[in-house]
Amino acid sequence: MLIGINGEFVRHSDKSFEYAVEAAARMGYEAYEPVLIDGRDLFSEAGYYHGISMDEDALYYKDFIESRGLRISGVSAHAPLMRPDVGVPFLRRAIRFAYQLGAPVVNTDEGIRPKWMSEGEAFQIMKYSLTVVLQTAERYGIYIGIEPHNEFTTNPETMERILELVDSPFLRVNFDTGNSYLSGHDPYEALKAVAHKVVHVHAKDIGGTLLDEKGKVYGTPVGVACGEGVIDWEKVMFILKEAGYKGVLSVECGTEEQAQKSLEYLKNLRQKLGLGV
């Protein structure tokens, strides 16, 4: 089980992709999860934001990450499945970009349901989006990791319905511990329910003022340092171990200090549990 990190840990520092990768490597992380954006972004081009544009050369990013001794765990490419006009082209492009990048999984979620859309309509639309997207995913051999992040994906019952919308071995789960907790559901029971389909994990802990949001929101971009919140990481790792998971725990936190603390905590716990690298 590798310990990786999502680039969000430098977003509030207004740092670039290159800075984020080098910081992760310097700390001793083993994998990196880039955040993909579409088109031009002034802040990214100026070096104030870590997101990488799919208009640029994927092989540049691949070489940069790997030259720092990091594996690419997956890509964060959240696009709304309930908005096929937006989500389908974005995700299909992300799949092709991930293939060039050498990333095994594209992580996304269902998006926010418009007020005018019924639940029945939402599932019909998501089925359409996933059917089209997975045709591309299967051709390129890239997993689609559905993340608990909104109304349907944080609920274990409706998450199961989403995972059954299309019969494809490439429709899998990017489990987010923090989002699952904040939604008000039991994150450990939710993880057990999908553990056999997990291909990527967002290691997000919840503490401080975020605790006041439990049951009020479906997720948050980043959490606190792993080990300083309410998530029982030993239980999480045990569930994943029992399911045969050998992928990456990709830390999602808000600062470099939290990133360093998370890495030390998770590595020590990994050693204690004898999970190896």
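The values are calculated or read from the model by the stated rules, or taken from the named source; none is laboratory data. Everything numeric here is computed off the predicted structure, so don't read it as measured data. Here the Cβ is made from the backbone with ideal geometry for all residues, glycine too, and neighbour counts use every protein chain on show. Heads up: the accessible areas ignore ligands, DNA and RNA and are worked out on the full protein's heavy atoms, side chains in. Shrake-Rupley method; radii C 1.70, N 1.55, O 1.52, S 1.80 Å.
General remarks:
- Identity of the residue in the stretch 175-198, open to solvent by 30 Å² or more (accessible area, probe 1.4 Å) and under 16 Å from the mean Cα position of the chain (by Cα), that ends up nearest to Gln260 (Cα to Cα): Tyr181
- Scanning the stretch 102-142 for residues that are open to solvent by 40 Å² or more (accessible area, probe 1.4 Å) and touching a strand residue (DSSP E or B) at 6+ places or on another chain (Cβ under 9 Å) gives Gly102, Pro104.
- Of the residues making up the stretch 147-174, those that are open to solvent by less than 10 Å² (accessible area, probe 1.4 Å), of a type outside the set (S, T, N, Q) and not in a helix (DSSP H, G or I) are Glu147, Pro148, Phe152, Leu171, Val173.
- In the stretch 151-175, residue farthest from Glu121 (Cα to Cα) [restricted to those that are in contact with a helix residue (DSSP H, G or I) (Cβ under 9 Å, 6 or more places away or on another chain) and touching a residue at least 40 places away in the same chain (Cβ under 8 Å)]: Arg172
Yes/no per residue for (1) farther than 21 Å from Pro169 by Cα; (2) at pLDDT 95 or above; (3) in contact with a Lys or Arg (Cβ under 8 Å, 6 or more places away or on another chain):
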residue	(1), (2), (3)
Phe64	yes, yes, no
Val86	yes, yes, no
Ile95	no, yes, no
Asn107	no, yes, no
Gly111	yes, yes, yes
Gln124	no, yes, no
Thr131	no, yes, no
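- Candidate set from the stretch 249-276 (those that are out of contact with any strand residue (DSSP E or B) (no Cβ under 6 Å at 6 or more places or on another chain) and hydroxyl-bearing (Ser, Thr, Tyr)); member that is surrounded by the most Cβ atoms within 10 Å (Cβ to Cβ): Tyr265
- Scanning the stretch 232-247 for residues that are open to solvent by 10 Å² or more (accessible area, probe 1.4 Å) and within 15 Å of Leu269 (Cα to Cα) yields a total of 6.
- Verdict on Phe97 being farther than 20 Å from Thr220 by Cα and more than 17 Å from the chain's Cα centre (by Cα): no
- Among the residues of the stretch 182-200, those identified as within 15 Å of Asn150 (Cβ to Cβ), touching a Lys or Arg at 6+ places or on another chain (Cβ under 9 Å) and of a type outside the set (A, V, I, L, M) are Ser183, Gly184.
- One residue stands out among those in the stretch 52-80 that are within 18 Å of Glu138 (Cα to Cα) and without any contact (Cβ under 8 Å) to a residue 60 or more places away in the chain: the one that is surrounded by the fewest Cβ atoms within 10 Å (Cβ to Cβ), which is Ala77.
- If you go through the stretch 28-51 and pick out every residue that is surrounded by fewer than 22 Cβ atoms within 10 Å (Cβ to Cβ) and under 15 Å from Gly254 (Cβ atoms), you end up with 2.
- Of all residue pairs spaced 6 or more apart or on separate chains, those with beta-carbon atoms under 7 Å, a first member in the stretch 179-208 that is of a type in the set (Phe, Trp, Tyr) and a second member that is assigned to a helix (DSSP H, G or I) are Tyr181/Pro187; Tyr188/Lys235; Tyr188/Ile239.
- Within the stretch 175-211, the residues that satisfy the criterion of being aliphatic (A, V, I, L, M) and outside any helix (DSSP H, G or I) are Val198, Val199, Val201, Ala203, Ile206.
- Test: Val251 is in contact with a Cys (Cβ under 8 Å, 6 or more places away or on another chain) and aliphatic (A, V, I, L, M): yes
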